[in-house]
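Structure first, commentary second.
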Amino acid sequence: MTTTVGKPVPRIDALDKVTGRAAYVGDLEIPGMVHGLILRSPWPHARVLSIDSTEAERLPGVLGVLTRDHLEGIDAYFGSVVRDRPIVAMDKVRYQGEPVAAVAARDLATAQEALELIRVEYEELPLVSEMEEALVPGSPALHETNLCAEQHYDWGDVEEGFAQSDRVFEDTFTFPMVYHYALEPHTSIGHYTNQGITVWSTAQHPFLVRSDLARMFGFSLHQVRIIVPYLGGGFGSKSYTKMEPLAVALSKVAGRPVRLALSVEEAFKTVRRHAARLTVKTGVKLDGTFVARECLIYLDTGAYADNGPLVAGRAGERIAGPYRWPSLKVSSSAVYTNSTPAGSFRSIGAPQAAWASESQVDIIAHDLGIDPLEIRIKNMVSRGEEVRRGQRPLEGDPATGLRLAAEAVGWDDEAAEESGRAVSSALVTGKGLGCNLSGVGSSPTSTALVRMHVDGTLTVLVGTTELGQGSRSAMAQVASEELTVPMDSVDVISSDTSIVPYDRSTGSSRSTTLMGLAVQDGAIEVKDQLLELAALHFESPVEELSIEEGQVLCRGESIGFGELIQEEFGGVAGELMGRGYVTPRSHGGRLAQSPVFWEVGISAAEVELDVETGAIRIPHYVSVADVGKAINPQQCEGQDEGAAMQGLGHTLFEEMLYEDGQLLNPNLIDYKVPTFAELPDKLETILIENGDGPGPFGSKGLGEGGIVAAGPAVANAIFRATGVRIKELPLTPERVWRALRRARGQD
Amino acid sequence: MAINETQRPDIDRIPVSLTVNGRTVTDNVPPELTLLDFLRDWLGLKGAKRSCDLQVCGACTVLVNGRAVSSCTFLAFEARNAEVTTIEGLAQNGELHPLQQSFIDNAAFQCGFCTPGMILAAKSLLDQNHHPNEEEIRAYMKGNICRCTGYKKIVEAIVAAANGD
Ligand code: FES
Ligand code: FES
């Protein structure tokens, strides 16, 4: 029996990636392709009075200049929720770095020269840099209003809940602006002709980009082709439509394919994660039972909405944590400010929400004298319980996961010692926990095509983008398992909208579950067809047939898949095709209820703190992921380890810094991300496999959970080591040192 | 900013001769042309990647006379007479280098964008120090950033390659 599911089989892109053969958008050379560069606004908020590009247009080697005056026939606005973002600035600019014009030239040096010849006259407008000021009536407005979106939900009566509580806690936390830093910055090659558009792009959701471009440039869907080769990381930064409209519009004026390859600095000015201010008020009984929670969340969505409204909604849902709340009331808003637009980033809204929620749980536990592990377990929702009103009941068991994490980090020993074990006079250690629960999977809309060739090998076509997460390999494993053919007989073609069938998006930990099901369904259809052909061949009912290792067996006889196809089509010819449709109605409607599944994020950290310098080291970090069934355990671990390290980044030092609307650190020298030096001495991932996921073989997705609870796990550990509670991230040495001094009354 | 110099006029070019993956290359290069652009745009070797462009991330790492350098900030003419190895030159006669195999076996990459540089930096380390301990690996490799893997599996891959397993 060929079994690949559950095994650490090598990725199908392994050879490409270790030999340098793997081609990313920036490696492609399209015939006739020229190079584009963008002129960006130096001002964070200004009216654009005039743009003169005549000199630039006349420069030899320049093939086209794009400004607001060159958009005839194009609907210039896009945005996944609110269409507020223009291809290039129209009447005004709303953040420093916003595209104002672009040039296509035969080489980058000429393009650069041309940019310098474009004259733009601005009239500076008052700046909105903080959410607080943005919402004050009468303050300068970026759009009609600075309130981009507002979400509310509640159940039960929180006022009554607080009245019934023995203690009520209220705390405010802040979360920084952070940047994804996928190593490969956004890159798009646009090719416009009057018959249609082809775009090679770093797009996580090519089908959504397709519909935006079709609408904006006036084409039907079959005239727009989005091709996504390997992506150099995404983490949400390449979700929805980003630079594609600009590349296409520039190609339209230049009359040939144009490559737009952003620098890292430009990527910093394309999308980021939402900074947040979160106030959490929680009422509890003296025994630690949670009674009521009220939350007020403000998310800084920057100059344009991007995915801000959805992020606000998710932050609002996720701040309840994995806990039972008799009453809950949440208000969550996305607010415009003059800064890089904020969009999706690995588990939208969740790290912000968990930072507040999970820090406060420890504040409460400490105050009531209850063990932080126990207060969590006591209030945690369990399998089958309704997590949020009207939503899918919980299929997993987060309490078990939390206990495993605690055990792995040696929680009990710590509890016995209480806190603050001094290693030397300056070094103290502490342990901390954090956990969260996120409804994920986006919507159940994925399709796949499984082709079996006449030699019995497979080509699987999916719209899932390979960002590095290993989706092509996971899909190959599912098809290989279902049809009993070896992994090296399966190829997976992904993300070419004119070739592969529709997928909604690659994000929200959804692909293994939803596209995995579609691939499995497609493989089952092929299997059914093979069995029908074999029934004819053996003149025997289907019930007497079975398949094994690429053969159909019948009463001790066997025939290869390829031979069956040949028998049907005649000669060495033909192929079989299986479709997989995942829709809200498919699979008996079991995927329709939101969310598709619940993803836990559970972390336990052991922290070593130098009280003289505020420097933090992480000797031991544990992350738990509930994957239902690991299609590829090694790749699952990799996802979780990567997410954990990214979480430690925003916990310890990552932060985009603005001053007077200018981004101060849009580069890797001034914006530090984790390196080998920050890798915990021991980084552990625990996979829970109960086969209870809705995906193929009982699997459910992962990849996002690991980032969510890093912040509170580390801050809670610092509290246990020092008794000092820090409510702002990142926990830079300076911030920690100042907090320690303040606590000692030295400030 | 990356400037593709390919089509600029022939002013002040410097004659260079070097070997790239064992083959002799002779050309006239502008003084400001980086080794990364030379490899990618002139020679069509796209394995080395550009990310930070500031000698921080290591995505552009190649070997110059066996030493790992950031080719984004290394001028092409400085490589004259040198032996340059890129990721494309690592496998010999279709046989993967032990580090390449070890990166596969240990799942030491995801998106793969950092991988060419990561593998070459690791090679430079192992050529100097056949059996580095974990601490030495972490210290040597910190000029190479990976945003996907969380580093653990890369350390494991290098340890395994050093131990020959
Ligand atoms: S691109 Fe050269 S070090 Fe980052
Ligand atoms: S594998 Fe993506 S950056 Fe290292």
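Tell me which residues, restricted to segment B:138-154, are more than 7 Å from chain A (Cβ to nearest Cβ), within 16 Å of ligand 2 (Cβ to nearest atom) and surrounded by fewer than 24 Cβ atoms within 10 Å (Cβ to Cβ). Talk me through it step by step, then tell me what you get.
We begin by selecting, within segment B:138-154, every residue more than 7 Å from chain A (Cβ to nearest Cβ); these are B:139-140, B:143-144, B:146, B:154.
Imposing the further condition that a residue be within 16 Å of ligand 2 (Cβ to nearest atom) reduces the set to B:143-144, B:146, B:154.
If the condition is that a residue be more than 7 Å from chain A (Cβ to nearest Cβ), within 16 Å of ligand 2 (Cβ to nearest atom) and surrounded by fewer than 24 Cβ atoms within 10 Å (Cβ to Cβ), then B:Gly143 is the only one that fits.
In this structure, does B:Glu78 turn out to be under 27 Å from A:Arg40 (Cα atoms), more than 16 Å from ligand 2 (Cβ to nearest atom) and touching a residue at least 40 places away in the same chain (Cβ under 8 Å)?
Numbers: under 27 Å from A:Arg40 (Cα atoms): no; more than 16 Å from ligand 2 (Cβ to nearest atom): yes; touching a residue at least 40 places away in the same chain (Cβ under 8 Å): yes.
No, not satisfied.
Take segment A:530-574 and flag every residue that is assigned to a helix (DSSP H, G or I), under 45 Å from the mean Cα position of the chain (by Cα) and among the aliphatic types (A, V, I, L, M).
Hits for segment A:530-574 are A:Leu530, A:Leu531, A:Leu533, A:Ala534, A:Val542, A:Leu564, A:Ile565.
Which of the residues spanning segment A:442-471 are among the small types (Gly, Ala, Ser) and more than 14 Å from chain B (Cβ to nearest Cβ)? Before you say what the answer is, go through the steps one by one.
Of the residues in segment A:442-471, the ones among the small types (Gly, Ala, Ser) are A:442-443, A:446, A:448, A:456, A:463, A:468, A:470-471.
Scanning segment A:442-471 gives A:Ser442, A:Ser443, A:Ser446, A:Ala448, A:Gly456, A:Gly463.
Looking at this structure, is A:Ser489 modelled with pLDDT under 95, touching a helix residue (DSSP H, G or I) at 6+ places or on another chain (Cβ under 8 Å) and under 30 Å from A:Gly703 (Cβ atoms)?
Details: modelled with pLDDT under 95: no; touching a helix residue (DSSP H, G or I) at 6+ places or on another chain (Cβ under 8 Å): yes; under 30 Å from A:Gly703 (Cβ atoms): yes.
The answer is no for A:Ser489.
B:Cys72 passes all but one of (1) within 12 Å of ligand 1 (Cβ to nearest atom); (2) in a strand (DSSP E or B); (3) within 14 Å of another protein chain (Cβ to nearest Cβ); which number fails?
Of the numbered conditions (1) within 12 Å of ligand 1 (Cβ to nearest atom); (2) in a strand (DSSP E or B); (3) within 14 Å of another protein chain (Cβ to nearest Cβ), the odd one out for B:Cys72 is (2).
Of everything in segment B:82-118, what is more than 15 Å from ligand 1 (Cβ to nearest atom) and hydroxyl-bearing (Ser, Thr, Tyr)? Give them in sequence order.
Within segment B:82-118, B:Thr85, B:Ser102 meet the criteria.
Yes/no per residue for (1) under 29 Å from A:Gly234 (Cα atoms); (2) within 16 Å of ligand 2 (Cβ to nearest atom); (3) at pLDDT 95 or above; (4) assigned to a loop (DSSP other than H, G, I, E, B):
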| residue | (1), (2), (3), (4) |
| --- | --- |
| B:Met1 | yes, no, no, yes |
| B:Val16 | no, no, yes, no |
| B:Thr24 | no, no, yes, no |
| B:Phe38 | yes, no, yes, no |
| B:Gln55 | yes, no, yes, yes |
| B:Leu99 | yes, yes, yes, no |
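Looking for something within 14 Å of chain B (Cβ to nearest Cβ) and touching a His at 6+ places or on another chain (Cβ under 6 Å) - is there at least one such residue anywhere in segment A:185-204?
yes
A:Tyr181 fails exactly one of the following numbered conditions: (1) assigned to a loop (DSSP other than H, G, I, E, B); (2) among the hydroxyl-bearing types (Ser, Thr, Tyr); (3) on the phi < 0 side of the Ramachandran plot. What is the number of that condition?
(3)
Tell me the helices (runs of 4 or more DSSP H) entirely within segment A:355-433 that contain at least 3 residues that are within 21 Å of A:Ala717 (Cβ to Cβ) and modelled with pLDDT of 95 or more. Spell out the reasoning first.
Details: elements: A:372-379, A:398-408, A:411-417.
In segment A:355-433, the matching helices (runs of 4 or more DSSP H) lie at A:372-379, A:398-408.
Which pairs turn up if I take residues in segment B:140-162 that are more than 23 Å from A:Leu231 (Cβ to Cβ) and look for partners that are away from ligand 1 (no atom under 13 Å from the Cβ) and among the hydroxyl-bearing types (Ser, Thr, Tyr) with beta carbon separation below 7 Å, at least 6 apart in sequence or on another chain?
B:Ala160/B:Ser102; B:Ala161/B:Ser102
Taking segment B:132-161 only, how many residues are out of contact with any Cys (no Cβ under 6 Å at 6 or more places or on another chain), within 16 Å of ligand 1 (Cβ to nearest atom) and assigned to a loop (DSSP other than H, G, I, E, B)? Don't jump to the end; show me each part of the working.
If we filter segment B:132-161 for residues that are out of contact with any Cys (no Cβ under 6 Å at 6 or more places or on another chain), which is where we start, we get B:132-144, B:147, B:149-161.
Filter again for within 16 Å of ligand 1 (Cβ to nearest atom), leaving B:140-144, B:147.
Then drop every residue that is not assigned to a loop (DSSP other than H, G, I, E, B), which leaves B:144, B:147.
The number of residues fulfilling the criteria is 2.
Mind counting the residues in segment A:487-502 that are part of a loop (DSSP other than H, G, I, E, B), in contact with a Ser or Thr (Cβ under 6 Å, 6 or more places away or on another chain) and either under 17 Å from A:Asp13 (Cβ atoms) or among the acidic types (Asp, Glu) (or both)?
Taking segment A:487-502 and keeping what is part of a loop (DSSP other than H, G, I, E, B), we get A:495, A:497-502.
Then drop every residue that is not in contact with a Ser or Thr (Cβ under 6 Å, 6 or more places away or on another chain), which leaves A:495, A:501-502.
Cutting the leftovers down to either under 17 Å from A:Asp13 (Cβ atoms) or among the acidic types (Asp, Glu) (or both) gives us A:495.
Summing the residues that are part of a loop (DSSP other than H, G, I, E, B), in contact with a Ser or Thr (Cβ under 6 Å, 6 or more places away or on another chain) and either under 17 Å from A:Asp13 (Cβ atoms) or among the acidic types (Asp, Glu) (or both) in segment A:487-502 gives 1.
Given the conditions (1) within 16 Å of ligand 2 (Cβ to nearest atom); (2) in contact with a strand residue (DSSP E or B) (Cβ under 8 Å, 6 or more places away or on another chain); (3) outside the structural domain of B:Ser17 (by TED's automatic domain parsing), report the number of the one that B:Ser70 does not fulfil.
Status for B:Ser70: all satisfied but (3).
Filter segment A:1-55 for residues that are of a type outside the set (D, E, K, R), within 8 Å of chain B (Cβ to nearest Cβ) and out of contact with any strand residue (DSSP E or B) (no Cβ under 8 Å at 6 or more places or on another chain) and give the result.
Result: A:Pro8, A:Pro10, A:Ala14, A:Leu15, A:Val18, A:Thr19, A:Gly20.
Can you tell me how many residues within segment B:113-137 are under 23 Å from B:Ser71 (Cβ atoms), in contact with a Leu (Cβ under 8 Å, 6 or more places away or on another chain) and away from ligand 2 (no atom under 12 Å from the Cβ)?
Taking segment B:113-137 first, the residues under 23 Å from B:Ser71 (Cβ atoms) are B:113-129, B:137.
Going one step further and asking which of them are in contact with a Leu (Cβ under 8 Å, 6 or more places away or on another chain), we end up with B:113-114, B:119-120, B:122-124, B:126, B:137.
With the extra rule that they be away from ligand 2 (no atom under 12 Å from the Cβ), the set shrinks to B:120, B:122-124, B:126, B:137.
The number of residues fulfilling the criteria is 6.
Could you give every pair whose Cβ atoms fall below 8 Å, whose first residue belongs to segment A:99-110 and is within 8 Å of chain B (Cβ to nearest Cβ) and at negative phi, and whose second residue is at pLDDT 95 or above and outside any strand (DSSP E or B), counting only separations of at least 6 or pairs across chains?
Here the result reads A:Arg106/A:Gly61; A:Asp107/A:Gly61, each pair linking segment A:99-110 to a residue that is at pLDDT 95 or above and outside any strand (DSSP E or B).
Return yes or no: is B:Phe103 among the aromatic types (Phe, Trp, Tyr), part of a helix (DSSP H, G or I), over 12 Å from the mean Cα position of the chain (by Cα) and within 13 Å of ligand 2 (Cβ to nearest atom)?
On the way: among the aromatic types (Phe, Trp, Tyr): yes; part of a helix (DSSP H, G or I): yes; over 12 Å from the mean Cα position of the chain (by Cα): yes; within 13 Å of ligand 2 (Cβ to nearest atom): yes.
Yes; evaluated as a whole, the condition is true for this residue.
Considering only residues of segment A:454-481 that are surrounded by 24 or more Cβ atoms within 10 Å (Cβ to Cβ) and assigned to a strand (DSSP E or B), which is nearest to the chain's Cα centre (by Cα)?
Across segment A:454-481, the extreme among qualifying residues is A:Val462.
Just to verify a result, which residue in segment B:54-69, among those that are among the small types (Gly, Ala, Ser) and within 6 Å of ligand 1 (Cβ to nearest atom), is nearest to the other protein chains (Cβ to nearest Cβ)?
Pass one, segment B:54-69, residues among the small types (Gly, Ala, Ser): B:58-59, B:66, B:68.
From what is left, the residues that are within 6 Å of ligand 1 (Cβ to nearest atom) are B:58-59.
Details: B:Gly58: 9, B:Ala59: 6 Å.
Per the criteria, the residue is B:Ala59.
Looking only at segment B:111-128, which residues are of a type outside the set (Ser, Thr, Tyr) and closer than 19 Å to A:Gly470 by Cβ? Walk me through it before giving the result.
Step one: of segment B:111-128, the residues of a type outside the set (Ser, Thr, Tyr) are B:111-114, B:116-123, B:125-128.
Correct list: B:Cys111, B:Gly112, B:Phe113, B:Cys114, B:Pro116, B:Met118, B:Ile119.
Where in segment A:232-326 are there strands (runs of 3 or more DSSP E), lying wholly inside it, with at least 2 residues that are within 14 Å of chain B (Cβ to nearest Cβ)? Can you show your working first?
Numbers: elements: A:258-261, A:275-284, A:290-302.
Qualifying strands (runs of 3 or more DSSP E): A:258-261.
Only one residue in A:Arg741, A:Arg725 is surrounded by fewer than 24 Cβ atoms within 10 Å (Cβ to Cβ), assigned to a helix (DSSP H, G or I) and of a type in the set (D, E, K, R). Which one?
Numbers: A:Arg725 fails: assigned to a helix (DSSP H, G or I).
Being surrounded by fewer than 24 Cβ atoms within 10 Å (Cβ to Cβ), assigned to a helix (DSSP H, G or I) and of a type in the set (D, E, K, R) holds for just one of A:Arg741, A:Arg725, which is A:Arg741.
Does A:Thr202 fit the bill of being surrounded by fewer than 23 Cβ atoms within 10 Å (Cβ to Cβ), in contact with a strand residue (DSSP E or B) (Cβ under 6 Å, 6 or more places away or on another chain) and touching a residue at least 60 places away in the same chain (Cβ under 8 Å)? It would help to see each step written out before you state the result.
Values: surrounded by fewer than 23 Cβ atoms within 10 Å (Cβ to Cβ): no; in contact with a strand residue (DSSP E or B) (Cβ under 6 Å, 6 or more places away or on another chain): yes; touching a residue at least 60 places away in the same chain (Cβ under 8 Å): yes.
No: the conditions fail for A:Thr202.
Does B:Leu90 meet the test of being away from every other protein chain (no Cβ under 11 Å), under 18 Å from the mean Cα position of the chain (by Cα) and touching a residue at least 24 places away in the same chain (Cβ under 8 Å)?
So B:Leu90 does not fit the description; no.
Are any of the residues in segment B:103-114 more than 11 Å from chain A (Cβ to nearest Cβ) and touching a residue at least 12 places away in the same chain (Cβ under 8 Å)? I'd like the intermediate steps shown before the answer.
First, the residues of segment B:103-114 that are more than 11 Å from chain A (Cβ to nearest Cβ): none.
No: zero hits.
The values are calculated or read from the model by the stated rules, or taken from the named source; none is laboratory data. Predicted model only: the values in this text are computed from it and were never measured. Positions of Cβ are generated from backbone atoms using ideal geometry, with glycine treated the same way; all protein chains shown enter the neighbour counts.
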